[in-house]
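Trainee: Following this message is one structure expressed as structure tokens.
The values are calculated or read from the model by the stated rules, or taken from the named source; none is laboratory data. In this text, all values refer to a predicted model and were calculated from it rather than measured experimentally. Reconstructed Cβ throughout: ideal geometry from the backbone, glycine too, with neighbour counts over all protein chains shown. Ligands, DNA and RNA are stripped out before the accessible areas are found, and what is left, the full protein with its side chains, is counted by its heavy atoms. Shrake-Rupley method; radii C 1.70, N 1.55, O 1.52, S 1.80 Å.
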Amino acid sequence: MTRPAGSDGARVVCAGIVVADVFVPPLLRLPEAGELVVTEDFVVEPGGCAANAGIALARLGVRPTVVARVGDDLFGHFVENELAAAGVDASGITRTADLGTSKTVIVPVSGEDRRYIHTFGANAALCAADIESSVATPPDVLYVGGFLVLPALRQDELAGRLRAARRSGTQVVLDVVAPAGRALSPDDVASVLPEVDYFVPNDDEAAALTGERDPHRQVERLRELGAGTVIVTMGDQGVVAGSADGVIELPALRVEVVEPSGAGDAFAAGLVCGLLEGWELPRSLEFASMMGASACTRLGCTAGLPTRAEADAYLERGARWLSPR
């Protein structure tokens, strides 16, 4: 039930986390107490699952609608304006008067994982009703990012919204964020996964949900819970995907990593692009993996992302895939 481009309504809706991100250039070390460290200029940009996926899709020539919450403040206006400038429809964003816009400071350190300083802000108010009220016409694809860490996005309510969307012919892609300090179990996704066509957790999130460390077992358990296709991303070790047609393994692309924030969101955008094109799963996974790898090549979540022409040309030239480990 795919509508042609240019018909009324968005072809893609990206719902979930939106943040104002501040990226510090990579440091050789963290400063000592009271020490001033001088760096190159910071990168300030919209971030979060919904914003990152939306910008990636816009770069690929798809104009998505982002559904999210921001504060009625300077950062909220900044996020809306920057999304619009990137080619994203920000009309689905709701300003929340009593909560500030979510903000994150990202501090990369050479040879170490990133440090994050974060305020949750208006993301705490996003609920399933926001998704329903913001979509006048059912989209071809509904992407929901950040489920499990959004307190007002309750599982049963989201499942009902996804069920209605799928009845209208919408394909559903779901991503999650594992909340810090809380153990997860299959019950946390048991109601929603039967309403999901493509579930795209990373291996840590899949392990938290299933108790399994082997990505093949993770895929198997999550499919048993009802998800149509499960794609477990594993960073530089590639992806494992399982569907009714079997299991696919794909190594990661060989790129020079500058900073990996946003790679999972770019991967999801590449997958959505494949769904819009009607590609088979292997081709969609290659395209999604290329998008995820590209996000790692520049500071910030979206600076390294290619246009559609650049992406196609890169894959046609023969992408360099890392050998499976």
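Trainee: Can you tell me which residue is farthest from ARG59 (Cα to Cα) among those in segment 88-105 that are without any contact (Cβ under 8 Å) to a residue 60 or more places away in the chain and not aliphatic (A, V, I, L, M)?
Mentor: The residue in question is ASP98.
Trainee: Restricting to segment 14-65, name every residue that is among the hydrophobic types (A, V, I, L, M, F, W, C), within 30 Å of ASP140 (Cα to Cα) and over 12 Å from the mean Cα position of the chain (by Cα).
Mentor: VAL19, ALA20, ALA58, LEU60, VAL62
Trainee: Another question about this same structure. What number of residues in segment 95-143 are part of a strand (DSSP E or B), surrounded by 18 or more Cβ atoms within 10 Å (Cβ to Cβ), in contact with a helix residue (DSSP H, G or I) (Cβ under 9 Å, 6 or more places away or on another chain) and not aromatic (Phe, Trp, Tyr)?
Mentor: 4
Trainee: Considering only segment 241-259, I want to know if a residue exists there that is among the hydrophobic types (A, V, I, L, M, F, W, C), closer than 17 Å to ASP175 by Cβ and either open to solvent by 70 Å² or more (accessible area, probe 1.4 Å) or in a strand (DSSP E or B) (or both).
Mentor: Yes, segment 241-259 contains at least one residue that is among the hydrophobic types (A, V, I, L, M, F, W, C), closer than 17 Å to ASP175 by Cβ and either open to solvent by 70 Å² or more (accessible area, probe 1.4 Å) or in a strand (DSSP E or B) (or both).
Trainee: Okay, next question. Out of the residues in segment 162-196 that are free of Cβ contacts under 8 Å to residues at least 60 places away in the same chain and under 16 Å from the mean Cα position of the chain (by Cα), state the one that is nearest to GLY228 (Cα to Cα).
Mentor: VAL196
Residue-wise test of (1) among the small types (Gly, Ala, Ser); (2) at pLDDT below 95; (3) open to solvent by 40 Å² or more (accessible area, probe 1.4 Å); (4) assigned to a loop (DSSP other than H, G, I, E, B).
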residue: CYS14; (1), (2), (3), (4): no, no, no, no
residue: PRO25; (1), (2), (3), (4): no, yes, no, yes
residue: ARG29; (1), (2), (3), (4): no, yes, yes, yes
residue: THR39; (1), (2), (3), (4): no, yes, yes, yes
residue: ALA50; (1), (2), (3), (4): yes, no, no, no
residue: ILE55; (1), (2), (3), (4): no, no, no, no
residue: ARG69; (1), (2), (3), (4): no, no, yes, no
residue: PHE75; (1), (2), (3), (4): no, no, yes, no
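Trainee: Checking the condition touching a helix residue (DSSP H, G or I) at 6+ places or on another chain (Cβ under 6 Å) and either surrounded by fewer than 18 Cβ atoms within 10 Å (Cβ to Cβ) or part of a helix (DSSP H, G or I) (or both), which residue from ALA152, ALA207, ALA180, ALA164 passes?
Mentor: ALA152
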